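Worksheet: the structure to be examined is printed underneath.
The values are calculated or read from the model by the stated rules, or taken from the named source; none is laboratory data. Here the structure is a predicted model, which is why all the values come from computation and not from measurement. Virtual Cβ from ideal backbone geometry, glycine too; neighbours counted across all protein chains shown.
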Number of protein chains: 2
Amino acid sequence: MGTQEQVLEVARRARQAAAELAPLPRGVKDTALHAIADALVARSAEIVEANAADVTAAREAGTSEYMIDRLSLTTDRIAAIAAAVRHVASLPDPVGESVRGYTLPNGLELRQVRVPLGVVGIIYEGRPNVTVDAAALTLKSGNAVLLRGSSSAYDSNSALVEVMRSALAGVTGGEVPADAIQLVPGRDRDSVKHLMRARGLVDVLIPRGGASLINSVVEESTVPVIETGTGNCHVYVDAAADLDMAVDILVNAKTQRPSVCNAAETLLVHRDIADAFLPRALRALGERGVTVHGDTAIRAYAGEGATVVEATEEDWGTEYLSLDLAAAVVDSLDAAVAHIRRYGSAHTEAIVTTSQSAARRFTALVDSAAVMVNASTRFTDGEEFGFGAEIGISTQKLHARGPMGLPELTSTKYVVTGDGHLKGV
Amino acid sequence: MGTQEQVLEVARRARQAAAELAPLPRGVKDTALHAIADALVARSAEIVEANAADVTAAREAGTSEYMIDRLSLTTDRIAAIAAAVRHVASLPDPVGESVRGYTLPNGLELRQVRVPLGVVGIIYEGRPNVTVDAAALTLKSGNAVLLRGSSSAYDSNSALVEVMRSALAGVTGGEVPADAIQLVPGRDRDSVKHLMRARGLVDVLIPRGGASLINSVVEESTVPVIETGTGNCHVYVDAAADLDMAVDILVNAKTQRPSVCNAAETLLVHRDIADAFLPRALRALGERGVTVHGDTAIRAYAGEGATVVEATEEDWGTEYLSLDLAAAVVDSLDAAVAHIRRYGSAHTEAIVTTSQSAARRFTALVDSAAVMVNASTRFTDGEEFGFGAEIGISTQKLHARGPMGLPELTSTKYVVTGDGHLKGV
């Protein structure tokens, strides 16, 4: 079989598995999740061994120690992954939830109920724990999953998927089909291409990773896509801000974990507060090793302990994911909103202000997945939002926006019950 | 300017208009809708005159009288269109609705609120009333709209859009931007192509029309699409059905209005009830002029007054939109479900049964936008479902499924309020 036929074959099996999964009650799915967690722990040694092959290959390819660390699995890490699976089992099942229901004037009873999406494809880079997290969340929400991880983690992912599938096969006589969890065959980009063209077999693709991966999926896929993750997040310090709070939020948003999508990448400061705020802010950023890419007005405040370089047009649109920060002075709240609208990625923006009317206007005008008032951008996260888990953060407007939990992995259907109702009579 | 530049230019203006529309309160939008309704009535003569040019051209091109009738506008029809606009004004505004809200353990207050999608493109065939209906629904939900109607209605649509834009320009000093409603320039297919590639400017495309239009948009668009409308709807008559009810529902679903997407296209009959049901059903269908495309088992029941021809494999997947009906005998409810899964378009399926367990199993296993129990498939409709209006019927699983009302023309954003909340401290 060629790569295309192989990909279509796993997609067809996933489609069949999805039909079997959809009506399963929560109890069966939770039993399966616990069986997966048990198997991961019991077979840790095999998984670590498979992972060692990936790690060796990555070392030989000159991969950075940071990336090697992300790739590496240990018995402890596998135990943590298994614990996360048990946590997913403890979450409510979104399937079957009635989200709307009433009786129509003609007596028809209408209910809108959550159903699984069907077959979900996840294309991801980096850490092999995503393989298990994604499988657990899709299984809990009644979906079959097609996993397409990084080729650098292929042996690890293969081992993890094999362990999960075996666990499913052992559950209550195979009631949960093993084909609910499948790895997309093939290490090359061709398999991604065929997955993106499997419209009719795959219901949705969720790319998780860098901007180039996400853009290529969005551009080329005929399967519907949920775009995730790019975050050029802004912190706007209003004329009326509490200065201590503003410094703390800025530093937290930029430095608490710079490599993630909800970290701040651009600072906008109201002109009226620049004199009071910027010397302190630039010093605090400098102390944490942040390089500020400032416009002319910002650079005028560069003093001792601060690292400030000249911002180019490109800086305003950049997601650094590092200890860099673009910064500009703006004439008004509306100018800040206009800047965000022009350069932002509509992920998360924060305003720091003591003014109720400024907070109200900012939250009304800024059209991003999350708008924070007097809080760090770093809170945009499924766990923080109380969803219990997260499959990714959508930066698109259709279907789901912001952190996606289990309900965002479902669709709905209408069930309408009558007693012989006819139209127009 | 070439066509591409013209399309991008209207899209850019729509994007700007969308930003201005999003924060407008309901009162302003409703005033604008009433101004549009007033203007349509006041300027009926101009609209009828523009429409006459389309009608003349259609006649010269040999268009059928049925299509000419659909295309034609009269003063009375324009009054009805204006009344529909006033009805949209009377509906609740979905924008600003809080769909989720709670306080997190750390004291952050989280609210998920409805916001407009932004710029909505509608690609449609047929009747010019869609031009006004779509504009009213998108305006009410705070969206800017790009309208791309049939080239055969170009002059009518141009006149309608000009009247609506002038009305907006006159409302409360132009607070509602006229660019909220725009016609996509150009009569040829090129303009559709450029609209489908305007990712980043257009937030969603909704194609309304025949299967070939919808398929081409779904295949070629890089802008997210909401697929609508194809309905290969099934009526399944269970072993335990009430025979009178089954005949009535079948006849209603097939013949009450055969040309629409929620009309029945396939009948499936449980083998155990075939002897009792089919002679009556085939006679009733025959009396209404329905041609039944039956499998071998069905054809055995063809008697006086019935028109039954041999079904080919193709019939099972056909949306006739005419007085034709595919029909098969199945061995079980599960066989009916399998048939629907294989050949259906996941629009609407109905079961006729007196058995609670059969109804429960059918509604659990059939994965369609709407599943009817003892009711005609013809009820899948935004008005019937109590939504007050409908922009189309989604047959996809992402974002919206089934009839789409005003809330389905919105996205959401999270507004999170703290008092200096920092992550991880």
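Quick notes on this one:
- So residue B:110, is it part of a strand (DSSP E or B) and at pLDDT 95 or above: yes
- Candidates B:398, B:422, filtered to the one that is buried (at least 19 other Cβ atoms within 10 Å of the Cβ) and not basic (Lys, Arg): B:398
- Residue within the stretch B:381-398 that is of a type in the set (A, V, I, L, M, F, W, C), under 25 Å from residue A:201 (Cα atoms) and touching a helix residue (DSSP H, G or I) at 6+ places or on another chain (Cβ under 8 Å) present: no
- Looking only at the stretch A:390-413, and only at residues there that are more than 18 Å from residue A:345 (Cβ to Cβ) and in a strand (DSSP E or B), the one that is farthest from the other protein chains (Cβ to nearest Cβ): A:410
- Subset of the stretch A:365-383 (residues that are facing chain B (nearest Cβ under 7 Å) and in a loop (DSSP other than H, G, I, E, B)): A:367, A:368, A:369, A:376
- Taking the stretch A:306-317 as the range and being in a loop (DSSP other than H, G, I, E, B) and modelled with pLDDT of 95 or more as the test, the residues that pass are A:311, A:312.
- Boolean, residue A:101 is touching a strand residue (DSSP E or B) at 6+ places or on another chain (Cβ under 7 Å), exposed (fewer than 15 other Cβ atoms within 10 Å of the Cβ) and part of a strand (DSSP E or B): yes
- Remark: residue B:392 matches the filter, which requires a residue to be touching a strand residue (DSSP E or B) at 6+ places or on another chain (Cβ under 8 Å), modelled with pLDDT under 95 and buried (at least 20 other Cβ atoms within 10 Å of the Cβ).
- From the options B:137, B:195, residue that is under 30 Å from residue A:217 (Cβ atoms), hydrophobic (A, V, I, L, M, F, W, C) and in a helix (DSSP H, G or I): B:195
- Filter result (of a type in the set (Ser, Thr, Tyr) and closer than 16 Å to residue A:101 by Cα) within the stretch B:376-391: B:380
- Of residues in the stretch B:239-269 being in contact with a Ser or Thr (Cβ under 7 Å, 6 or more places away or on another chain) and assigned to a strand (DSSP E or B), the one nearest to residue B:356 (Cα to Cα): B:264
- Set side by side, the residues B:31, B:63, B:56, B:75 differ, and just one is under 30 Å from residue A:361 (Cβ atoms), surrounded by fewer than 19 Cβ atoms within 10 Å (Cβ to Cβ) and either within 14 Å of chain A (Cβ to nearest Cβ) or not hydrophobic (A, V, I, L, M, F, W, C) (or both), which is B:31.
- Being away from chain A (no Cβ under 11 Å) and basic (Lys, Arg) is not true of residue B:257.
- Test: residue in the stretch A:224-247 that is among the β-branched types (Val, Ile, Thr), more than 21 Å from residue A:351 (Cα to Cα) and at pLDDT 90 or above: yes
- Counting the residues of the stretch B:313-328 that are surrounded by fewer than 23 Cβ atoms within 10 Å (Cβ to Cβ), within 18 Å of residue B:302 (Cβ to Cβ) and either among the hydrophobic types (A, V, I, L, M, F, W, C) or not assigned by TED's automatic domain parsing to the domain that holds residue B:261 (or both) gives 2.
- Figure legend. Inter-residue proximity from the stretch B:165-191: first residues within 22 Å of residue B:117 (Cβ to Cβ) and basic (Lys, Arg), second residues in a helix (DSSP H, G or I) and at pLDDT 95 or above, beta-carbon distance below 7 Å, spacing 6+ or different chains. Indicated pairs: B:165/B:178.
- Flag if residue A:322 is out of contact with any helix residue (DSSP H, G or I) (no Cβ under 7 Å at 6 or more places or on another chain) and assigned to a loop (DSSP other than H, G, I, E, B): yes
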